[in-house]
Amino acid sequence: MRIFITGGAGFIGSHLCDYFLARGHQVVAMDNFITGSPDNIAHLRSETRFEFIEQDVTKFIDVAGQVDAVLHFASPASPKSYLDFPIQTMKVGALGTHNALGVARAKKARFLLASTSEVYGDPLVHPQTEAYWGNVNPIGPRGVYDEAKRFAEALTLAYHREHDIATRIVRIFNTYGPRNALNDGRVVPNFVGQALRGEPLTVHGDGSQTRSFCYVSDLVEGIARLLASNQELPVNIGNPNELTIKTFAERINALTKNQAGIIFTYRPVDDPSRRNPDITKARTLLGWEPQVELDDGLRETIAYFRARMKRA
Ligand code: UDP
């Protein structure tokens, strides 16, 4: 297959490039480096089956030649980055998704949208099944991301229904691993960075809010299975091992032997209180479930951040 990946220099996008190249496919990646990084794809420079186009996907996209699948992963995706780039976030979810769907339509390609657990907002149902419609504040600071992704899901299904395109929607829950940007404000890079500098970890609020963390290799395997499936409706991919942020901070301090402890700081507006995927659909329809234990994934991630911080 020849696969077109928007956001191909991003955290997840670059792992998708590696995954498909390792299986003999050709990859065309696009990124404008607004939150992605050339470092994430530097190792692919001499790979003949890899092409890179530096472009903002909200501008008309022209990919020469055959395309068999379009994976639309371009978007700021951490709370800090979509607060830093609110309009770009809405444009990439709306105009960027429209353009990426246009490529899929023109090339008669399969299309996969990177959606998010943020479509559930601050959920009132636990764990979150795909049937839950969510509890989103459209005008709060996170609304730019949540509503852009909800719009993107609606547009994807409109293209499926109107133009009969084979579309897939993955709702991605918190994911971590190498190439997560150290400065993107997410809890994993923040905590690991602080721990490696010997600083206290900044737990927002009282740390009773929950998340569950999926290692990036597990996520990418789930996405590949979804792409190969016949599921038009959204599928959650994430790790169902729910823990509080306070417990998570203590885990990071233990793994890094950080003695500085934790401090409690301001809790961001509309920060979801509980988040945990119901992955029954992924288990039954894709035969997928996460394989990587949290401590193992964290050890890999800590080693990656340690090496990066040394280089910086
Ligand atoms: N968080 C925290 N300290 C930090 C960064 C994040 O306590 O330095 C909390 C944040 O408030 C949220 C959770 O960790 O409850 C996960 O935040 P993240 O930014 O990784 O992404 P989210 O899951 O909110 O999209």
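The values are calculated or read from the model by the stated rules, or taken from the named source; none is laboratory data. Note that the structure is a prediction, hence the values are computed from the model and not measured. Here the Cβ positions follow ideal geometry from the backbone for every residue, glycine too, while neighbour counts run over all protein chains shown.
The table that follows gives values for the structure above.
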read-out: Selected residue (only one of ASP270, ASP295, ASP278 is touching a residue at least 12 places away in the same chain (Cβ under 8 Å), farther than 18 Å from VAL188 by Cβ, more than 16 Å from the ligand (Cβ to nearest atom) and of a type in the set (Asp, Glu)); value: ASP278
read-out: Boolean, PHE4 is in contact with an Asp or Glu (Cβ under 9 Å, 6 or more places away or on another chain), modelled with pLDDT of 95 or more and crowded, with 24+ Cβ neighbours inside 10 Å; value: yes
read-out: Residue satisfying condition, being at pLDDT 95 or above and surrounded by fewer than 22 Cβ atoms within 10 Å (Cβ to Cβ), within set LYS149, LYS107; value: LYS107
read-out: Filter result for ASN241 (away from the ligand (no atom under 14 Å from the Cβ) and surrounded by fewer than 21 Cβ atoms within 10 Å (Cβ to Cβ)); value: yes
read-out: Every residue from region 175-205 that is in a loop (DSSP other than H, G, I, E, B) and near the ligand (Cβ under 10 Å from one of its atoms); value: ASN180, ASP184, GLY185, ARG186, GLY205
read-out: Tabulated pairs, region 179-204, first at positive phi, second of a type outside the set (A, V, I, L, M), C-beta under 6 angstrom, 6+ apart or interchain; value: ARG179/PHE11; ARG179/SER14; ARG179/ASN40; GLY185/SER78; GLY185/LYS80
read-out: Enumeration of residues in region 7-64 that are closer than 20 Å to ALA224 by Cα, in a strand (DSSP E or B) and in contact with a Lys or Arg (Cβ under 9 Å, 6 or more places away or on another chain); value: GLN26, VAL27, VAL28
read-out: One residue from ALA249, ALA228 being at pLDDT 95 or above, over 26 Å from ASP39 (Cβ atoms) and buried (at least 19 other Cβ atoms within 10 Å of the Cβ); value: ALA249
read-out: Residue ranges of strands (runs of 3 or more DSSP E) in region 67-172 with at least 2 members away from the ligand (no atom under 16 Å from the Cβ), of a type outside the set (S, T, N, Q) and within 20 Å of LYS281 (Cβ to Cβ); value: 110-116, 167-172
